[in-house]
Structure formats: C-alpha cells, structure tokens
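For reference, the structure discussed in these notes is given below.
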Amino acid sequence: LLAVTVRRSVLDWQREVTELATKPPPLNEEEADIIEDALKNPSTTRFFKNAARSPEWITWLDKRKHLEPLFGDGELKERDSILAWWLAEYYTGDYSDELFVVIANHAMRLHPVFWWTLGRQIALEESESLEKETLARWISMLLASIPPRADQHVLFWLGERCIKQGLLESLLEVFDAMAESRFVLKPGFSLPDDGEEYRSARIEAELPLVGEQYTLNELWEKGLMPRLGDVAEALLGRVVRRLEERYRVLHCWRQASPDWDATSWRRSAIEPHEQDEYPEAVDVLIDCARNCLEWLASNHGRVAARWCDQLAGSDPPLLRRLSVHALSFRADLTADEKLDWLLMHIGLHDSPVQHELFRTAKLTYPDASLEQRTAVVQAVKAYRWSDDKEEDKELL
C-alpha cells in the first residue's frame, strides 16, 4: 500500500480522491485510508474540497479529528483553512443542521478564523439566498460565539444582510453586539503637583465600541430608523443598557461620576448641533436613544413617561440629559406639567444637564401659566452656591 501511495501522481490523486469524495464516506478501510492520506496535504485536500458535497462527510471528518483545529485556539494550517471554506461554502445553506450539530458538539467554541469564514460566507454569499429562518439561526449562533477582537466588518455585513431580508429582530441583535464597549486599559500620565519634578504614571480605561461610527450609523439609518415605530422601545432598552455599562466601567476607574463623565462632556447637545460635527461611534447610540425617546414621547405617552422617570434618576449624566431632552416632545403633558416635572425630577441646577435644562425651559416657559412661571423664577432665586464666599452665593 505504501508503494502504491508513493507512486501516485498528482493526476492519480485527483482522480481517486474526486471519485471517492463525490460519494458518501467509504465503509472499507482502503478507501478511507486514501481520503485520510489526501487530507494530510493542502493540494490533495483541495481535490476533496472540490468534490465532496454529501453532508455525511461532516460527521465523518469530525469523528476522525480532521475538524478539531477549527474549534481550537492554535494557528490554522493551510489544509485547515481549506476545510473551513469548504464547510462555509457548501453546508451553511441546505445542510445547516448537520453543521450545527458539529458546532454544538464542540460547545460552540469556534476558532476566530473559522468564525470569520462562516460569518463572511453567510453575509456576502449572493448566489443562493438563505431562508430567513436559517439566516436568523446562523446569526444567533455567530453572535453567541463571537471571539475576542472579532472583525467588526463581519457583524456589519451580517447586519446589511438582515436589512436586505427584512430580519428586524436579528438586525437589533447585530446592532447591539456592535454597540458593546471593549474595555482597554492603558498607561497614562497625571500632571505633577507643586514641587514635583516629574509626572506620576497612572492608568486610564478606554472604551471603544466594537463597531465603528460609519458602520453603526449605516445600520441605524438604513435598517433601524426607517422601522422606528416597530423597534423604538426595544432599541432604546438596548442602547440605555450599553450606555449604563459604559458608565459603570468608567466610574469603577474613577473616570466618571454623576457630576461628570467624558462621554457626556464631549457631546455638546443631545439634539443635532454644529459643535458635534465630528461624531464618534458612541454618538450613534446617543442619536438612537434620542430618536427613540422622541418617537415614544409623540406616540406612546405612558411608555415615554416611564422611561423619562427612570432616566431622570440615573447616575450617568448622559441619561439624565436624554430624559430632559425628551420632555419637550411629550404629548402627554401640558407646559405647566412639563415644568413641574423638571422641578421635581431634575431641578434647575444639575450642571451636567445644563444645556438640555435651559433649552427645554426656553421652549416650554412661554406656554406655561403665570403661576408656574413664577414657581420657576422662585426656584432659580432660591438656589445658593455651596461656596462660603458671599459674592458667589446667589445664582442670579
């Protein structure tokens, strides 16, 4: 047998492997040995890839450990990459269930290259459109098995595929995955105190989002915003949770507090503003939350009221700003009731919310009754600075 194997030419390998691979997996050991030997070499593995189509091959290869590297962490060899493309190209459609079984047997622990290969194939393959149910199942599996530092473009491509096929729930899941903040710890420097001759080193936490500003915005504007009436509350809940997670991490590293945090500080206004002409990825989340709240405030007063009350009591300044911004859009409240809500839930002196406070008061004050306007003026005059200096005590 060894002598026969050695004497085989490339054409012999191609003929024999192709003939065997076009059929279901062999039962006799001689034929099995030919396939086993072929899978040791990239060039003969390609012969197998080009011919094998029976879903039974997936289980056969898995039982013989040929697919093991696709579910590990090590560097993939060329023949492993060939098998990854073979599985992605021919078994993510009609034979998805067979491939799901193998993935489940490996506890969904996909090698990053295999994850990327599957995601790219599912998102970009145009020759055969996946059924909606199959596509939704693949997306749920891929999102549940995202490797560290996954390529955000695969997620974006999956989101675009959802838009094309009208999978709104799956699109929400993809957008949420791209809205997650990645925790990055970096060395930083603090300014020296008086008398120091050097800067003391310190640590800074950075939270870049998985998705970039452009890709997140594309999914938002082309897929979610046109269906705002269908997704407003669900999307708002996801975005608020991501912003809360972001705040908690920064607060843990002493880079945020109820009185200040960088995410809120760099955003001049919740509404579109000329000073925010260079947006970052997190600005897409802020825009999403803003538009969802505006829609709910105009269409579902009770839901908007619940959200505004919840956000007004939040520690993250950005969420309080969103609640005040939404107030001017609320159709369930009169002008007097809006000003009363502002005095009760926020007050007029919440410094991080200053822009939204002044803007909402400006929009609402003219339509309020004399009694309510008087109450607002008295609230302003009653405020005193905590500083003991007499000249700084009175706000007005």
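The values are calculated or read from the model by the stated rules, or taken from the named source; none is laboratory data. Given the structure is predicted, the values throughout are model-derived calculations rather than measurements. As a convention, Cβ positions derive from the backbone with ideal geometry for all residues, glycine included, and neighbour counts pool all protein chains shown. Only protein heavy atoms, including side chains, enter the accessible area calculation; ligands, DNA and RNA are left aside. Shrake-Rupley method; radii C 1.70, N 1.55, O 1.52, S 1.80 Å.
Table for the structure above
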{"quantity": "Sole exception among (1) within 23 Å of E294 (Cα to Cα); (2) acidic (D, E); (3) over 18 Å from the mean Cα position of the chain (by Cα) for E233, by number", "calculated": "(3)"}
{"quantity": "Which numbered condition L250 misses (of (1) of a type outside the set (V, I, T); (2) under 18 Å from S323 (Cβ atoms); (3) in a helix (DSSP H, G or I); (4) in contact (Cβ under 8 Å) with a residue 40 or more places away in the chain)", "calculated": "(2)"}
{"quantity": "Tally, over segment 4-44, of residues that are open to solvent by less than 80 Å² (accessible area, probe 1.4 Å) and under 23 Å from D94 (Cα atoms)", "calculated": "6"}
{"quantity": "Selected residue [under 23 Å from R246 (Cβ atoms) and among the charged types (D, E, K, R)] from E356, E371", "calculated": "E356"}
{"quantity": "Top-ranked residue in segment 81-112 [being over 26 Å from the mean Cα position of the chain (by Cα) and assigned to a loop (DSSP other than H, G, I, E, B); ranked as nearest to R64 (Cα to Cα)]", "calculated": "Y95"}
{"quantity": "Any hit, segment 114-135, residues being closer than 27 Å to W13 by Cβ, part of a helix (DSSP H, G or I) and among the aliphatic types (A, V, I, L, M)", "calculated": "no"}
